[in-house]
Amino acid sequence: MNSWIDRLRPGINKLLQKRETPDNLWVKDPDSGEMLYRVDLENSQWVTPSGRHMRIGPELRFRYLFDGESWLAIDTPKVVEDPLKFKDDKRYVDRLKEARAKTGRDDAMAIGYGKIGGSHAVALVQDFNFMGGSLGMAAGEAFIKAAQEALDRKCPLICFTAAGGARMQEGILSLMQMPRTTLAIDQLRRAGLPYIVVLTDPTTGGVTASYAMLGDIHIAEPGALIGFAGQRVIEQTIRQKLPPGFQRSEYLLEHGMVDIVVDRRELKATLARVIGLLKA
Amino acid sequence: MPMVDRPAFLDFEKPIADLEKKIEELNATAEKSGAKGVRTEVAKLRQKANQALADLYQNLDPWRRTQVARHPDRPHFKDYVDELIGDYVELAGDRKFGEDAAILGGMGRFRGRRVVVLGHEKGRTTPQRLKHNFGMARPEGYRKAVRLMDMADKFGLSVLTFVDTAGAYPGLDAEARGQAEAIARATERCLTLGVPMVSVITGEGGSGGAVAIAAANHVLMLENSVYSVISPEGAASILYRSADRAKDAATAMKITAQDLLGFGVIDGIIAEPLGGAHRARANAIKAVGDAVEKALYQLEGLDADGLRAQRADRFYRIGRSLADLPSSADGAPKAG
């Protein structure tokens with residue numbers, strides 16, 4: 001269910017793809033259209049002067065999160081590829097190939113282990129750039145593995161969500177990742193280990209309706225789109241326009257679904273404090 | 001329960017509908033004339049119609065199955081409860097905000113066992129459909145389910161669920177009150193139950209709205225039901241930019257009971273009467289009852305921890321069982 005979100009803001013995806021090219025010194029502000037100096041953006045953790053939190057991938061997340069910008073990368077499990085032999089306009093295996101070439105990772109999840117303000121934690125980051133971060137078997141297994149790492153190391157699990165939802169190309173097997181990841185969270189609960197969710201733009205569909213909403217603490221980045229149903233579907237169903245700010249972080253805060261909305265640049269300090277308070 | 005006298009025919013059933021119409025006309029003639037020849041002709045046609053129906057239903061493609069799964073005359077939650085549950089006491093409300101009739105629930109006796117029963121109800125007549133919101137639940141429906149599962153756990157009642165929904169309701173109010181959280185918590189509650197839980201997909205198993213009350217020890221599907229991550233129409237509008245290609249999406253997503261059994265996602269298929277459950281509801285409901293009873297029997301002897309472990313193992317195995325790797329590969333957690 002990634003493509004509708006891809007279409008929303010294709011510009012940002014393109015920018016993020018291109019960001020390794022050295023001649024790309026300027027980045028267009030998605031809101032004002034102004035050109036922003038890339039180095040300034042990097043220094044502000046990809047938050048624009050107007051406060052928009054641009055989408056970032058796992059590498060940057062880990063860098064911003066872990067002490068000394070240092071962490072242990074943990075491999076994600078291999079899964080059976082394309083069990084449905086799925087094909088729409090394109091074969092699913094070809095879509096996977098493209099996503100891998102584009103991101104340099106096997107699938108949408110990355111796991112890191114390190115210290116946050118002196119406390120150990122496992123972090124799991126969903127990469128929206130990989131087929132819209134969609135939750136398939138690989139992402140589900142990665143989530144389960146990250147939970148197991150947290151159990152083994154007796155430390156909290158932090159999950160940064162970013163996904164359009166379940167991966168349609170894996171059909172029912174993607175839907176089954178909802179109960180599967182929920183089981184892993186239950187294991188953390190029984191072990192008395194904190195499970196913290198950081199909701200980033202966008203988090204929708206089956207991801208929101210499973211591990212994104214089962215945290216002990218829910219932190220959201222400002223302005224992130226967070227919801228279950230897509231806005232177009234809702235508008236078609238109720239035949240009215242949606243209010244401004246609907247399904248954004250601040251809306252969820254107001255409606256009791258997240259604990260705190262935190263600026264990316266304050267995120268590490270907030271997480272460190274929360275972990276420090278929760279750990280025995 | 002009244003039988004369906006004249007089922008609403010689906011588009012692809014037109015040849016059957018034509019035969020049935022002819023039979024009806026001949027019957028009318030026979031009544032008037034009393035001619036024996038007409039009655040023989042009727043018998044012949046009847047046989048022909050039955051054969052045509054059998055042939056047609058033997059090889060339904062996924063899209064046709066979807067239409068059968070949505071057939072308005074198919075047994076609904078209330079029909080299952082009427083036929084299978086004794087001493088039924090319907091219970092309402094989530095104790096937080098309201099009552100959602102898209103998911104009904106209550107307690108009663110199923111073949112000697114005390115049970116909590118939950119399921120989506122789509123309704124049949126227009127007022128009923130509106131009351132039940134076409135079986136599309138809001139957060140209150142899922143929170144009511146959680147409340148009833150809490151009660152089942154507390155008093156040691158088994159949980160039976162009948163799943164039949166296009167999906168959770170995509171409305172502004174549902175989002176405002178935390179649809180996603182409600183679904184996630186219901187799924188979690190299923191998985192943490194210390195009592196046996198058996199789910200049957202009776203019609204449409206629509207995405208998160210279905211799995212929220214179907215994360216059970218034993219999951220069964222009726223022969224012509226479907227269970228999918230997104231509706232064929234929804235998938236088509238995303239994948240092909242056109243809802244008209246729902247048939248292609250239904251095929252590509254592998255949503256039938258036969259597919260899901262192959263993937264290890266469900267534990268069994270319940271055969272339907274000739275021409276689908278809507279043509280002989282009582283028989284279909286009895287078959288469901290028998291299958292549920294058998295599933296409950298298989299879970300006997302497991303204590304609360306054993307039931308949770310069986311459930312965890314069941315879901316962790318999904319997907320892994322498709323690989324050559326043993327299910328404990330990659331250091332993934334074991335059930336328990």
- Item | chain A: C-alpha gyration tensor shape, a/c 1.5 cut-off, then a/b vs b/c | rounded
- Rounded to 5, the percent of DSSP beta bridges in chain B classed as antiparallel: 40
- Query: So which of A:Lys85/B:Lys131; B:Lys122/B:Lys247; B:Lys144/B:Lys254 end up more than 29 Å apart, counting from Cα to Cα?
  - Reply: A:Lys85/B:Lys131; B:Lys144/B:Lys254
- Message: How many angstrom lie between the Cα centre of the range B:188-248 and the Cα centre of the range B:114-160?
- Response: 16
- Task: Please give the contour-minus-distance gain from B:Glu24 to B:Arg95: 0.36 nm per residue of separation, less the Cα-Cα distance, rounded to one decimal in nm.
- Result: 20.3 nm
- Message: Could you tell me which residue out of A:Leu271, B:Leu296, B:Ala236 lies farthest along the dipole of the protein assembly as shown toward its positive end? Charges go on the beta carbon: Lys and Arg +1, Asp and Glu -1, centred on the Cα centre.
- Response: B:Leu296
- Message: What does the structure give for B:312-319 when I average, per residue, the other chain Cβ atoms found within 10 Å of the residue Cβ?
- Response: 6
- Message: Sorting check: for B:214-226, A:118-130, which peptide has the highest mean count of neighbouring beta carbons within 10 Å, and how do the rest follow?
- Response: B:214-226, A:118-130
- Counting pairs of alpha carbon atoms under 8 Å apart in space and at least six apart in sequence, what relative contact order in percent does chain A give? 16
- Hey, got the average number of other protein chain Cβ atoms within 10 angstrom for residues in A:78-89? 4
- Message: Can you give me the long-range amide H partners of A:Leu135? Hydrogens built in the peptide plane at 1.01 Å from N, cutoff under 5 Å, separation of 5 or more residues or another chain.
- Response: A:Gly165, A:Ala166, A:Arg167
- Note on the structure: Here the relative contact order (percent) of chain B, from C-alpha pairs under 8 Å and at least 6 apart, is 16
- Radius 13 Å from Cβ of B:Lys294, net charge of other residues (Lys, Arg +1; Asp, Glu -1): -1
- Query: 222 nm [θ] for the protein assembly as shown, helices only, -39500 (n - 2.57) per DSSP H run of 4+, per residue, to 500?
  - Reply: -13000 deg cm²/dmol
- Ordered by packing density, taken as the mean number of other Cβ atoms within 10 Å over each peptide's residues, highest first, how do B:173-179, A:245-251 rank? B:173-179, A:245-251
- Message: Rounded, prolate or oblate, given the Cα gyration tensor of the range B:11-59, with a/c below 1.5 counting as rounded?
- Response: oblate
- Query: Highest mean first, what order results for B:140-149, B:127-136 on Cβ atoms within 10 Å?
  - Reply: B:140-149, B:127-136
- Row for the range B:66-323, column shape: gyration tensor on C-alpha, a ≥ b ≥ c, rounded if a/c < 1.5 i.e. under 1.5, prolate if a/b over b/c, else oblate; value rounded
- Can you give the mean number of other chain Cβ atoms that lie within 10 Å of the Cβ atoms in peptide A:197-207? 2
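Rule-based calculations on the coordinates, nothing more; no lab input. None of the values given here were measured: they were computed from a predicted structure. We place every Cβ from the backbone using ideal geometry, glycine too, and count neighbours over all the protein chains shown.
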